[in-house]
Amino acid sequence: MSTDFTLHAKGREDTGKGASRRLRRLAAEVPAIVYGGKKTPAQISLIHKDVAKALENEAFYSHVIALDIDGKSEDVILKDVQRHPIKPVILHLDFLRVNKKTLLQTKAPIHFINEDICVGVKIGGGLIAHTMTEIDISCLPQDLPEYIEVDMAAVEIGQTLHISDIVFPKGVESVALSHGPDHDLPIVSINKPKAAPVADDAAPAVAEDGEASEE
């Protein structure tokens, strides 16, 4: 199981909101938790600038990460990121331990390709409406894709693509579809453009006394 990202962390025993605030303010570190597998959850902290740099790469969200905790490495995936609503500050991270022999469930971003040559847009004049930008998938860690690709080239105006229309990479399945066809949700559609309002050029002229004039 290959990893493309490595983060260094250290264990912490001081927990709670106050301790987390002190970490962020005084040490420029991000509190986090690692859970899953047969081990107990572990409270850790990471250097904020290292985390911020990693989060700039979209692949970081859907790749196995080598998390070095006090010199011991664990394979994890990122499950959640909490950010400050205004400031460029990462408040907390959740990591899930993964095993190369165990299926995992996570989210993968959807990349819509060939939108610029889409039949429904170029010929039909339609408008693309995305209803999903990420999708829940299930796979082994070594099969974890960086993203899921959806080709829009042949999609016509009025057409809607569903999860079942996605060509998933080998070893990757949709979590939603595993629950049955009723969960085959739409992901994107090509809508007809709304007709422009027609100006009423035939409005009657108004006489000085306020009555409509007759010709």
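The values are calculated or read from the model by the stated rules, or taken from the named source; none is laboratory data. Here the structure is a predicted model, which means the values were calculated and not measured. Ideal geometry is used to build each Cβ from the backbone, glycine not excepted, and the neighbour counts take in all protein chains shown. Side chains are part of the model used for accessible areas, which takes the heavy atoms of the whole protein and leaves out ligands, DNA and RNA. Shrake-Rupley method; radii C 1.70, N 1.55, O 1.52, S 1.80 Å.
Loop-located chymotrypsin sites (Phe, Trp or Tyr not before Pro) across region 86-158 with a Cβ neighbour count of 16 or fewer within 10 Å are Tyr147, with loop assigned by DSSP.
Quick check on my link table: of Lys38/Lys72; Lys38/Lys170; Lys72/Lys101; Lys72/Lys107; Lys10/Lys107, which ones sit more than 24 Å apart, alpha carbon to alpha carbon? Correct reply: Lys38/Lys170; Lys72/Lys107; Lys10/Lys107. For region 59-65, the Karplus equation 6.51 cos²θ - 1.76 cosθ + 1.60, evaluated at θ = phi - 60°, returns couplings of 5, 4, 6, 9, 10, 6, 10 Hz by residue, with Gly and Pro reported as x. Take every pair of alpha-carbon atoms less than 8 Å apart whose residues are at least six positions apart; their mean separation over the length of region 104-191 yields a relative contact order of 39 percent. With all pairs of separate Cα atoms included, region 53-101 yields a Kirkwood hydrodynamic radius of 12.0 Å.
With all protein chains in place and a 1.4 Å probe, the accessible surface of region 115-155 carries 50 percent carbon and sulfur. The lysines within cross-link reach of Lys192, meaning a Cα-to-Cα straight distance under 21 Å and a gap of 8 or more places when in the same chain, are Lys122.
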